[in-house]
Amino acid sequence: MEQIHGTVLHITYYSEENHFAVATIHANKKKICLVGTMPALQVGQTVHCKGTWKNHPKHGPQFEVEHVDIEMPKHAGAIEKFLGSGCAKGIGPGFAAKIVAKFGKDTLDIIEKTPDRLLEIEGLGVKRKDALADAWQAQKTLQDVVIFLHGYGISRTYARRILKVYGNEALKKIQENPYQLAHDIPGIGFAHADSIAKHLGFQDTFPERIQAGIGYVLSELASSGHTCFPIDPFAAKAQDILHVDAELIRLHIGRLFQQGEIELQKLDTEELFIWQKPLFVCESGIGAEIARIKNSKSNIREIAAEKAVTWAEAKLGISFALQQKQALEQMIQEKVCIITGGPGTGKSTITKAMLTIFRTLSKNILLAAPTGRAAKRLAEITKHPASTIHRILQYDFTCGKFKHNRDNPLYHDLIIIDEASMIDTYLMYQFLQALPNHAKVVIIGDANQLPSIGPGNVLKDLIESQKVPTTKLSAIFRQAKGSQIIINAHRINEGQMPQLTQKPGSDFYFFTAKEPEEVRKTIIELITKRIPQQFGFDAKKEIQLLVPMRKGSCGIEALNHELQNALTPIGQGATIFSFRVGDKVMQLRNNYMKDVFNGDIGTVMHINSADQQLIVAMDEKSVTYDATELDELVLAYAVSVHKYQGSECPCIVMPVHTVHFKLLTKNLLYTAVTRGRKLVCLVGTGKALAIAVHNQEVEKRYTGLAHFMRAS
């Protein structure tokens, strides 16, 4: 890397969130444009940068900063620029010039050590003096924190977050108990806090270390889908990380329980389990909320179920199968019920029939789904408005909670929740709290799909509890039997190999490719040439590549890079970081301010290089991202099966190879195949396909919901 140093003359752009900056410095007797992450950057500072030169197509040469050391200004001219840059309220270029004219290069020492001398400046009162002294102290503290954290491998982007939480006491608080960082500062985990603590001389048996480690293990287990965990294996996991005696860990587990930070309770097996407190509240709360709704009277008048089903058959001009009739009668008679089944078993048909019947009884009907794509598909199928659960609950930015809750419930008489296998424990609890006592609730989903990304296995647990009336649809209807996708999905679900005989007009293909490189080449050729040419599908909009793993030559990252170069080659339009105009992208986390959510997919429509902004068309709306928010987006030519759950696409392509053997399971393959509406293409080896079909050992998720349901 090359090195340059100079004085900051002007800051074109600066993000408080991730400290990305575009700035002009004076170095080597010329002006140079810097771009990159530069925390606490201010006009007048001296910067020592390491990085590389890049030639921007519009703005010319720029120095892309990889590392920067920042010094406060030392000479009078730089100090004047620093003070006049707006670092303190009420101090502009005029007062800055007066202060520096009076105190010269000693100005910053005066501000820090004898700030009352600032009152010698004509027109500068106590408020301005205090504001300048406070601003200088905050800036100096920030610099100290940045330097301190840098020594422990912690990104400079966290310095302002720490200062925002701890103020001028930041360094003191970090040094007193670095483990508090893992609790108070998003993004700084236990490992970083532990590294700082060890360098500061904290012992392994420090109480705050052990308690922070217990919280860390619980968080890691939650990210793997567990809502709780058996206490003995949990203590063993904590011991592996903390390297202290197991009895000491158990002692602190007891203390955290007494403090109300965690929950300990026995489940049906009489084995003791441990929970994070919020997850315990959610799991036990789901059982209580469903019991509340079940035991309350409906606003909708009672009707004869058999007669209503017969009427719906005549109205829709179809004849329901026995299982469908049973499901409809259950939906009519019960306050809360579940309908589960695979593709082609008639879930959509009975949803439409249910709406046909109940539209004559109430206008207050709500259709909900976990994702925008699932809600859109539900609306298309039923011809009734549908929305995501997040949008229904309406996030309130003023208090950081949903507007609809137990104190401000929804008003609807009938609520149908689709794609329920995707709903995690947190979201289900929030949604149920917002449902009124009088509501009838129908939960629809495929229990054989992958569980939610978030903790829990809500749909499966509700079914297994046997406390919610459930109809399981299994018969494949005649019109669906012509689809190899549906036939093979059911074969996979039953642990049988799919039918791979290629028939004219088939919608299911298996392409043999033995080596990973051959798999990769076949996938690229299928998506960019063969499928569009033979079936007419748009490579970006109508074909989705689903991949089990992130890394490797057949992983999500490598395939995204290759498909981006093939489908959206560089040079066709503006670029910003790794994104190009025309790119297919996915939102990685919920952003209530932008009304976009984890898993939403869109297309980059415009890039404004000057303002460092990117505009994405997503769910029929335009969403603007600035440079500070681009970590919320990833390329989506290839995505994980989990991320695409609840969505459908005309064509699905998926590698099935032994390089992915750790993740090849029956329900992953089943979920992927059922995402394809018109065409599914698998690429790989028969051995890998057999491994997936016969691997029913889905990683167990420890949950307590079924227990709490039975206890409600």
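The values are calculated or read from the model by the stated rules, or taken from the named source; none is laboratory data. All values reported here derive from a predicted model rather than from experimental measurement. So basically every Cβ, Gly included, is an ideal-geometry build from the backbone, and we count neighbours across all protein chains shown. Remember, those area values only see protein heavy atoms, side chains included, never the ligands or the DNA or RNA. Shrake-Rupley method; radii C 1.70, N 1.55, O 1.52, S 1.80 Å.
Values computed for the structure shown
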item	result
Qualifying residue in segment 529-538 (condition: touching a residue at least 24 places away in the same chain (Cβ under 8 Å), among the β-branched types (Val, Ile, Thr) and farther than 29 Å from Glu699 by Cα)	yes
Scan of segment 32-61 for residues that are at negative phi, free of Cβ contacts under 8 Å to residues at least 40 places away in the same chain, touching a Gly at 6+ places or on another chain (Cβ under 9 Å) and not aliphatic (A, V, I, L, M), ordered by number	Cys33
Residue tally, condition open to solvent by 50 Å² or more (accessible area, probe 1.4 Å) and more than 16 Å from Asp144 (Cβ to Cβ), over segment 165-183	2
Helices (runs of 4 or more DSSP H) enclosed by segment 617-712 - at least 1 residues per element that are open to solvent by 10 Å² or more (accessible area, probe 1.4 Å), touching a Pro at 6+ places or on another chain (Cβ under 7 Å) and more than 23 Å from Gly505 (Cβ to Cβ)	666-673
Residues that are without any contact (Cβ under 8 Å) to a residue 40 or more places away in the chain and polar (S, T, N, Q), drawn from segment 229-272	Gln239, Gln258, Gln259, Thr269
Test: residue in segment 212-222 that is surrounded by 15 or more Cβ atoms within 10 Å (Cβ to Cβ) and assigned to a loop (DSSP other than H, G, I, E, B)	no
When residues of segment 422-442 are limited to those that are open to solvent by 10 Å² or more (accessible area, probe 1.4 Å) and either among the aromatic types (Phe, Trp, Tyr) or assigned to a helix (DSSP H, G or I) (or both), the one modelled with the lowest pLDDT	Met422
Those residues of segment 665-705 which are over 24 Å from Ser483 (Cβ atoms), more than 27 Å from the chain's Cα centre (by Cα) and aliphatic (A, V, I, L, M), in sequence order	Ile691
Candidates Asp538, Asp631, filtered to the one that is at pLDDT 85 or above and of a type in the set (Asp, Glu)	Asp538
Selected residue (only one of Arg301, Arg292 is part of a loop (DSSP other than H, G, I, E, B), among the basic types (Lys, Arg) and either at pLDDT 95 or above or open to solvent by 10 Å² or more (accessible area, probe 1.4 Å) (or both))	Arg301
Filtered residues of segment 313-325 (kept if in a loop (DSSP other than H, G, I, E, B) and either open to solvent by 40 Å² or more (accessible area, probe 1.4 Å) or on the phi > 0 side of the Ramachandran plot (or both))	Gly317, Ile318, Ser319
Candidate set from segment 188-202 (those that are closer than 13 Å to Tyr216 by Cβ and outside any helix (DSSP H, G or I)); member that is least open to solvent (accessible area, probe 1.4 Å)	Ile188
Helices (runs of 4 or more DSSP H) (entirely within segment 91-153) containing at least 1 residues that are among the basic types (Lys, Arg), open to solvent by less than 20 Å² (accessible area, probe 1.4 Å) and in contact (Cβ under 8 Å) with a residue 60 or more places away in the chain	none
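Residues checked against (1) farther than 30 Å from Gln324 by Cβ; (2) in a loop (DSSP other than H, G, I, E, B):
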site: Ala475; (1), (2): no, yes
site: Gln502; (1), (2): yes, yes
site: Gly505; (1), (2): no, yes
site: Glu517; (1), (2): yes, no
site: Lys551; (1), (2): yes, yes
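Yes/no per residue for (1) part of a loop (DSSP other than H, G, I, E, B); (2) modelled with pLDDT under 95; (3) surrounded by fewer than 23 Cβ atoms within 10 Å (Cβ to Cβ); (4) in contact with a Gly (Cβ under 8 Å, 6 or more places away or on another chain):
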{"residue": "Asn448", "(1), (2), (3), (4)": "yes, yes, yes, yes"}
{"residue": "Pro451", "(1), (2), (3), (4)": "yes, yes, no, yes"}
{"residue": "Ile463", "(1), (2), (3), (4)": "no, no, yes, no"}
{"residue": "Val468", "(1), (2), (3), (4)": "yes, no, yes, no"}
